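Participant: First the structure, which I've put down as structure tokens, then a few questions once you've had a look.
Every read-out reported here was derived from the displayed coordinates using simple, explicitly stated rules and does not represent laboratory data. It should be emphasised that the depicted structure is a prediction, and the values quoted were computed from it without experimental measurement.
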Amino acid sequence: QVQLVESGGGLVQTGGSLRLSCVASGISFNFYNMGWYRQAPGKQRELVALITSGGITHYAEFVKGRFTISRDNAKNTVYLQMNTLKPEDTAVYYCNSKHTIRGYDYWGQGTQVTVSS
């Protein structure tokens with residue numbers, strides 16, 4: 001059974017930092033690209049950051065220079081370090097895994113991030 005379990009969300013003031021973690025089980029983690037998405041109330045889910053199985057990263061323009069995605073293959077974990085948070089970063093953040101070849105696609109349950117002004 002595949003599980004992606006996010007943690008690390010919470011309430012933080014503008015300018016603060018949070019570190020999200022996503023632990024994957026039931027997949028061969030090394031063969032998956034991992035991503036963080038977010039969905040704010042009334043908005044569509046959007047990509048925040050992606051890290052490939054080979055460690056190549058991609059960021060949405062609105063988080064470049066503030067967020068850093070990383071992965072620890074030994075721990076089956078992907079991280080999202082979020083700095084200089086803004087109220088517009090408030091959303092539910094979801095972890096995603098996608099197999100590099102077969103396209104198997106899995107989602108976590110989400111973790112709430114709230115940035116107060």
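Participant: Could you give the length gained by full extension between SER70 and ARG19, i.e. 0.36 nm per residue of separation minus their alpha carbon distance, to one decimal place?
Facilitator: 17.3 nm
Participant: While we're on this one: Would you kindly calculate the translational diffusion coefficient of the chain, applying Stokes-Einstein with the Kirkwood radius from alpha carbon pairs, for 4 °C and a viscosity of 1.567 mPa s, and quote it in µm² s⁻¹ without decimals? If you can, show how the numbers build up before the last one.
Facilitator: Details: Rh = 14.1 Å.
D, rounded to a whole number, is 92 µm²/s.
Participant: For THR100 and LEU11 in the same chain, what is the full-extension length gain: residue separation times 0.36 nm, less their Cα-Cα distance, in nm? If you can, show how the numbers build up before the last one.
Facilitator: Values: separation 89, 0.36 × 89 = 32.04 nm, distance 3.39 nm.
Using 0.36 nm per residue and subtracting the Cα-Cα distance, I get 28.6 nm.
Participant: Considering all alpha-carbon pairs of the range 1-43, what whole percent are spaced by more than 14 angstrom?
Facilitator: Of the Cα pairs, 63 percent sit more than 14 Å apart.
Participant: Using the Karplus curve 6.51 cos²θ - 1.76 cosθ + 1.60 with θ = phi - 60°, what ³J(HN,Hα) values do you get for each residue of the range 52-59, in whole Hz, with x for Gly and Pro?
Facilitator: The phi angles translate into 6, 4, x, x, 6, 10, 9, 10 Hz.
Participant: When we measure straight from the Cα of LYS75, which lysines land under 26 angstrom away, once same-chain ones fewer than 8 places off are left out?
Facilitator: Partners found: LYS64, LYS98.
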